[in-house]
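Just so it is clear, none of the values below were taken in a lab; they were calculated from the coordinates. Because the structure is predicted, anything quoted here is derived from the model rather than measured. All Cβ positions, glycine included, derive from the backbone under ideal geometry; neighbour counts span all protein chains shown.
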Amino acid sequence: MAKIAIIGAGELGQALGRILGRAGREIVFWDKNEEQLTKLNLPLLSLPEVITDSEFVFLCVPSWGVKEALAFFRPYWLKHSIAVLLSKGIDGQTGKLPYEIAKKLLPPRTDFVVLSGAMIAEEISRGRFGACLIAAKTATAGEKVLDLLKGTNLLGRLTKDLKGVAWAGVLKNIYALSLGLAEGLGWTVNERALLFGQANEEILQLIKLFGGKKETWLTAPILADFVATSFDQNSSNHQAGLELGQTGQTDKKSEGLMSLAPLLDRLGKKADNFPILLNLAKIVIAHANPKEVFGRY
């Protein structure tokens, strides 16, 4: 039986633990916040205890915690362990995606997998279906993770497009902010639907620009993830955008908000070709009045 370590006992980590536990997998949790584990009646294990003999290590932490986590785990990492990365953002300090950080910080020849798709924690935890794309450093690692998900309510699909899957997770969070903003400003359904279409056009260009395949964005798990993140009232990115539209400010710390500035840094002057991004930057970074920047369609 495969032993699975889940790093991060937040909503997604808990949901994946339930899903994989129901399928008969051995699950162990670790979180730097021990109070979170105690609240969930989970044993307080040391990091070596959690990682030792774990064939899979699911990293369920926000993008701004990935670098710290991987650097911390490196001394205990076993050669056969596969890192499964679920963070969907850009690290603000390095400007890198989680898989780019993993390539530098994990021991040489470590296999890693990027997982992205429609996986609203509250829903998949209750046994409702979700879906994801699995992109791996090696074909063997991808197949092992796909096999791990068989018999669960999380439907997996393999792809070779590692960059496309990784960037899809980042971009859907950023552009979901714009849909929340539009709702907060009172845009009609037609207007928000048009914005959704324009966001897709920009995202397809960005996916290609960063070396991914446009076809990856158009797969069912990725498009479904964008829809869910953009319109679900429980989505932190949707809620952050909604609050910005309604009040001009938000105290939320969402992946979309934290990834916007690093994305613009990576784009440089090419950002001028993406008007939705530029308008978001005026509001989120320059603190312009949303009604003046995004007031009407």
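Quick notes on this one:
- Taking 18 Å as the straight-line reach from the Cα of Lys96, the aspartates and glutamates in range (excluding those fewer than 8 positions away in the same chain) are Glu68, Asp161, Glu255, Asp265.
- Taking 0.36 nm per residue of separation and subtracting the Cα-Cα distance, full extension of the segment from Lys208 to Lys79 would add 43.1 nm.
- Nearest-ten-degree value, helix 162-184 long axis tilted from longest Cα axis of the chain: 40
- Rounded to the nearest 5, the antiparallel percentage of DSSP beta bridges internal to the chain is 20%.
- When only Cα pairs below 8 angstrom with a gap of at least 6 residues are kept, the stretch 141-297 shows a relative contact order of 30 percent.
- Convex hull of Cα atoms in the chain, direction-averaged projection (nm²): 14.6
- FRET efficiency for the Leu223 to Ala2 pair, using the beta carbon distance and R₀ = 25 Å, is estimated at 0.25.
- Estimated FRET transfer efficiency (Arg22, Arg157; beta-carbon r; R0 25 Å; 0.05): 0.75
- Compactness ratio for the stretch 52-124: Cα radius of gyration over 2.2 N^0.38 Å (N = residue count) comes to 1.09.
- Percent breakdown of C-alpha pair distances by 5 Å bin, ordered from the shortest bin, for the stretch 208-291: 3, 13, 19, 23, 22, 14, 6, 1
- Residues whose amide H comes within less than 5 Å of that of Ile90, counting only those at least five positions distant or on another chain, are Ser259 (H built at 1.01 Å from N in the peptide plane).
- Take the Cα of Leu267, step 7 Å toward its Cβ, do the same at Lys252, and the gap between the two points is 2.0 nm.
- Rotationally averaged projected area of the stretch 3-160 (alpha carbon convex hull; nm²): 8.5
- Relative contact order [Cα under 8 Å, 6+ residues apart], the stretch 3-160, whole percent: 21
- Under 5 Å from the amide H of Phe56 lie the amide H atoms of Lys3, Ala5, Ile82, each residue being 5 or more positions distant or on a separate chain, with H modelled from the backbone and absent for Pro and chain starts.
- 0 to 90° range, to nearest 10: angle between helix 189-209 axis and the chain longest Cα axis: 60
- Mean residue ellipticity (222 nm) of the chain, computed from DSSP H runs ≥ 4 via -39,500 (n - 2.57), nearest 500: -16000 deg cm²/dmol
- Extension gain for Leu194 to Asn234 (0.36 nm times residue separation, less C-alpha to C-alpha distance): 12.2 nm.
- When the square roots of the Cα gyration tensor eigenvalues are ordered a ≥ b ≥ c, the ratio a/c for the stretch 35-94 is 1.5 or more and a/b does not exceed b/c, which makes its shape oblate.
- Residues Thr38 and Ala139, FRET efficiency given R0 of 35 Å [Cβ-Cβ distance, rounded to 0.05]: 0.30
- Between 0 and 90°, nearest 10: helix 63-73 axis offset from the chain longest Cα axis: 20
- The distance separating the Cα centre of the stretch 149-174 from that of the stretch 56-108 comes to 17 Å.
- Available extension along the chain between Leu278 and Glu100 is 61.6 nm, counting 0.36 nm per residue and deducting the alpha carbon span.
- Applying a threshold of 20 Å to the alpha-carbon distances of Lys88/Lys252; Lys150/Lys214; Lys3/Lys150; Lys88/Lys163 flags Lys150/Lys214 as lying beyond it.
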